[in-house]
There are 2 protein chains.
Amino acid sequence: MSAGTEGLLAGGVHGPGHLRALTATVLDTLETAARARGGPLPAGGPEAVARRTRALCGPVLPEEGVGAEAALTDLVRAVAEGAADPADPACVAHLHCPPLAVAVAAELAGAALNPSMDSWDQAPAAGVIEELTTAALARLIHPAALAPDALITSGGTESNCVALLLARERAAAGPHDGPLRVVTGANAHHSVHRAAWMLGLPAPATVPCHDGRIDPAALDRTLAGLGGGPVLVVATAGTTDEGRIDPLPEIARIVGRYGAELHVDAAYGGPLLFSERLAPRLAGLEHAVSVTFDLHKLGWQPVAAGVLAVADTALLAPLSLRTDYLNADDDTEAGLPDLLGRSIRTTRRPDALKIAATFRALGRRGLSELVEHCVSTAEEFGRAVDARPALRRRPGEIGISTVLFRPVVADALEPEAGDAVVAEVRRALLMDGRAVLGRAVAEDGDGRHRLWLKATLLHPVAASADLLPLLDLVTETAERAAAEEGRGGDGSGRGGGGGGDTGAPVTERLSP
Amino acid sequence: MSAGTEGLLAGGVHGPGHLRALTATVLDTLETAARARGGPLPAGGPEAVARRTRALCGPVLPEEGVGAEAALTDLVRAVAEGAADPADPACVAHLHCPPLAVAVAAELAGAALNPSMDSWDQAPAAGVIEELTTAALARLIHPAALAPDALITSGGTESNCVALLLARERAAAGPHDGPLRVVTGANAHHSVHRAAWMLGLPAPATVPCHDGRIDPAALDRTLAGLGGGPVLVVATAGTTDEGRIDPLPEIARIVGRYGAELHVDAAYGGPLLFSERLAPRLAGLEHAVSVTFDLHKLGWQPVAAGVLAVADTALLAPLSLRTDYLNADDDTEAGLPDLLGRSIRTTRRPDALKIAATFRALGRRGLSELVEHCVSTAEEFGRAVDARPALRRRPGEIGISTVLFRPVVADALEPEAGDAVVAEVRRALLMDGRAVLGRAVAEDGDGRHRLWLKATLLHPVAASADLLPLLDLVTETAERAAAEEGRGGDGSGRGGGGGGDTGAPVTERLSP
């Protein structure tokens, strides 16, 4: 091995030694960069971030390399100074969680060893760890089933896609004529529609919602209108926009009456099952033939940590596949485990490792405490919104840990101008690097749909007091944006004042 | 923040401090475990590995957690003692590479910050790094194109699926009647067939191969037989079984004559482009409308590091998608970059970060040296096989860095018994933890298909001298297996003597 390549590899007996120096550089750089950023995301907006990132990272593929230390210092500085860090309590836009240190440390081991989950001879022990982990998840999700099973996926989108694929294949093998019809709520994640498109299925029939949840009477009418044929109803347990859980017991009854099947997208809500107190919110989930579950949301895993659970392992048969180089018949007969039919991917990361490390570290009870923390923080945050005259919460219950609210100054304007103020508040806070809030169109108390600011509270440690400064920021920024909107804004009624190339901060940055 | 949750998170200003302790545990455990394993994979076969892994890791989801340090110690010990480690020169079964330390260290930063690549407000700088990285890859793969582009995928399987999806949508929008027909070689990866199945396309037409490569005359006949309609021809640059590169210039000419389109699966061979000396082997690639490229093979990245390159960015239009919470029109108009149409996934890892760190660290020239090292090591290894009377190499050229060979004792037996000896040699070495060799059915000099041992040489540092002990192991083990086969074996003609539950080593373990 030549001197120039000494220290090159992460694996083997010497890899950990090489990694000690490089991970020290990474951690030091992450620490310095987090202080330099000084907030939940970088200030200046997309143009400024792009400029700084390009200056640090370009050219990405030079003719001559700069060496591992220098490359890591520049790249990690760029990505960290320019991060929207969900570990900051003011980073609450999306189902984008701050990962647990134990999970991140486990990822390091997985990356260094690089097992690939498609054959035993690439992942002897990692395959067993995946089996143990998916068995635990399967039992959590379908506790009364005789032979439940679960797959590790790249996320909710892949889980929903595989659920529809399995249903398509069952439909093709069944007694009915015609392709599978998918029926879902107007509140469903876009990935349900995208999966139907990818799989060559008819576009899903969409059932109207009331208060962000599927209206059971409307579902009944939709199913009656389809008049037979194989149907998969996709309900949601934790909508992306509002955290709403569809009325699963009623939906399951209706689905059963029509001889249809039920898939539940519980990518967000699924981890409520860890909590004895909150699990009853998912009553009815046990009737689902398949369940999308996701641990890179309310499970604090670094991406990817998706799960698809099925009520019976036989439901996975359409994924089985033989290919001589990975699972030849004689190898399987001789006792080599066949891992290939566990995914639509081939080469596949050991994502179960970080999940298993987290489960073992925290236990069911520890995970329950973190889930309950997020739910109760959201309730406190909602009460804090209610206590502020300048803000108004979307009427009704809080969905899991998602709080929708808007500044009352927006209500005083014409509907379109009011929504533009809401959008502008969000963008102004993003541009200034002060807060990462989300947005959602949702039904108001008067039945009209309005744009709301969305706080998706996934921080497992931050107290509601850590979140209150967000409300001050929104109030101040909204007053300014409404005044600007009142003066005519940019004329489009869309409030583009925070546009990426203006560079002018609308609010002042609090932390230096 | 309560005392019990102190140190929980990986991000923010304090995360790196929490990670220092935990990554030290991980690296110490990896080092100890690699020494304890003492070879390329654990001894004892699947049952023994499962027993040891279950003892260390179970129960995966206890009621009470054991804490991060204890969980990591057990889980990392289990996965590392039970790893098939590609950093060991005797681990050569698959396109399963030993990852570079620089890439693994970069993964740590990505996991700690957890950017998600589906919106700017989850990945302000990571999105820019991905843009720089995909631009560099696009220019490498389609250097003469005006607006080439590339996507990051989870691997070759997803890349091939997206390539077929884009072709399906072009076909649907085009003037022809009927669905897209996919035409591919008998040597193509199974993911091409699987993608057609997933996407609801007719099963691909399969073109016969000669010497592991598509026979151009046969392709011509197949295309003539289809009689019009939209067609995508999928060629391979680096087959999984043999490393063969299809005759791309001739294929491109035939494809052009029929008005069809060409996709090239260069998951294995693509990185030859880094080398000025080896890039000419991929001549013709420039005619492909899309190219599968993969950096977790000849690019030494931990999984996932897939790429799909397209000749023109407009070809990606079918993936574009609007959803209010990620890329509302008014946000895009106000300058927030829209990242959603860059994948079929939604939440998505910053896999570009480790690729960019590797590119910057090594440069084009450094990557070229590593690729050339693998190719020349394979040639030396092939010569070493040729020099041994007890072994026989598959006639013909070596495909990239894949060497097929078999013990001559297998040739003296009936064809099925001979193949059983080859399979048994591989399994015996796996069971004893001494070597991880692959297997492939491939055409012999007499035109018959036989089973071969496969060495896929992706180690960027190991010299051919490091690999020679493999040949001794194979020779010894083959003699024993042939003698056993001669005595009747297990009666099935399949040589199941290394079966998982026998536990009896067929060969002795060299390293303690």
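The values are calculated or read from the model by the stated rules, or taken from the named source; none is laboratory data. These numbers come from a predicted model, not from an experiment. All Cβ positions, glycine included, derive from the backbone under ideal geometry; neighbour counts span all protein chains shown. Side chains included, ligands, DNA and RNA excluded: accessible areas come from the protein's heavy atoms. Shrake-Rupley method; radii C 1.70, N 1.55, O 1.52, S 1.80 Å.
Sorting the segments A:316-323, B:8-15, B:293-300 by their residues' average number of neighbouring beta-carbon atoms within 10 angstrom, most packed first, yields B:293-300, B:8-15, A:316-323.
For the range A:342-389, the Cα gyration tensor yields ellipsoid semi-axes of 36, 16, 7 Å (square root of five times each eigenvalue, largest first, whole Å). A viscosity of 0.890 mPa s and a temperature of 25 °C, combined with the Kirkwood radius over C-alpha pairs in the Stokes-Einstein formula, give the range A:297-427 a diffusion coefficient of 124 µm²/s. For the protein assembly as shown, a crude dipole built from +1 on the beta carbon of Lys and Arg and -1 on the beta carbon of Asp and Glu, taken about the Cα centre, is about 100 debye to the nearest 20. Would you work out the charge dipole size for the range A:1-158 about its Cα centre, treating the Cβ of every Lys and Arg as +1 and the Cβ of every Asp and Glu as -1, and quote it to the nearest 20 debye? Here the range A:1-158 has a charge dipole of around 480 debye. Residue B:411 exposes around 60 Å² of accessible area when a 1.4 Å probe is run over every protein chain in place.
In the neighborhood of residue A:218, defined by Cβ-to-Cβ distances under 14 Å, what is the net charge if each Lys or Arg adds +1 and each Asp or Glu adds -1?
That sum, taken over residues with Cβ under 14 Å, equals -3.
Between identical copies, the spacing of residue A:177 label points, each set 7 Å from Cα toward the C-beta atom, reads 2.2 nm from nearest to farthest. Between B:46, B:34, B:16, the Cα set farthest toward the positive side of the dipole of the range B:1-63 (charges on each charged residue's Cβ, about the Cα centre) is that of B:46.
Taking every protein chain into account, the 1.4 Å probe leaves residue B:81 with about 50 Å² of accessible area, to the nearest ten.
A convex hull fitted around the alpha carbon atoms of the range B:7-70 yields 112 Å³ per residue.
Can you give me the C-alpha center-to-center distance between the range A:49-118 and the range B:52-101, rounded to a whole angstrom? What the calculation gives is 23 Å, centre to centre. So, with +1 on the Cβ of K and R and -1 on the Cβ of D and E, and no other charges, what is the size of the charge dipole of chain A about its Cα centre, to the nearest 20 debye? Here chain A has a charge dipole of around 700 debye.
3J(HN,Hα) couplings calculated from phi for the range A:397-409 with the Karplus curve 6.51 cos²θ - 1.76 cosθ + 1.60 (θ = phi - 60°) are, in sequence order, 6, 7, x, 6, 9, 10, 10, 9, 7, 8, x, 5, 4 Hz; Gly and Pro show x. Each listed q (0.05, 0.08, 0.09, 0.10 Å⁻¹) maps to a log10 I(q)/I(0) for the protein assembly as shown, found by the Debye formula over equal Cα scatterers with no solvent: -0.29, -0.76, -0.98, -1.22. When you restrict to C-alpha pairs under 8 Å that are six or more residues apart and normalise by the size of the range A:129-218, the relative contact order lands at 21 percent. Across all directions, the average flat footprint of the convex hull enclosing the Cα atoms of chain A is 27.4 nm².
Remark: mean inter-chain Cβ contacts per residue of B:429-438 equal 2, using a 10 Å Cβ-Cβ cutoff to other protein chain atoms.
Under the definition of partner shielding as Cβ atoms of other protein chains within 10 Å of a residue Cβ, what is the mean value for peptide B:336-344?
Whole-number average of other-chain Cβ neighbours for B:336-344 is 3.
When the charge dipole of the range B:283-385 is built from unit charges on Cβ atoms (+1 for Lys and Arg, -1 for Asp and Glu) and taken about the Cα centre, the candidate among B:313, B:325, B:302 whose Cα reaches farthest toward its positive end is B:302. For the residues of B:127-137, the average number of beta carbons from a partner chain within 10 Å of their own beta carbon is 5. Projecting label points 7 angstrom from Cα along Cα→Cβ for residue B:414 and residue B:47 puts them 2.9 nm apart.
Please tell me which of these pairs span more than 24 angstrom C-alpha to C-alpha: A:354/B:354; B:297/B:454; A:354/A:454; B:354/B:454? Violating the 24 Å limit, Cα to Cα: A:354/A:454; B:354/B:454.
Of the GluC sites (Glu not before Pro) found in the range B:320-401, not one falls in a DSSP loop while having at most 10 other beta-carbon atoms within 10 Å.
Placing a label point 7 Å from the Cα of residue B:448 along the Cα-to-Cβ line, the residues of the range B:462-483 whose backbone N sits under 19 Å from it are B:482-483. For the range A:194-220 versus the range A:369-424, the inter-centroid distance based on Cα atoms is 27 Å.
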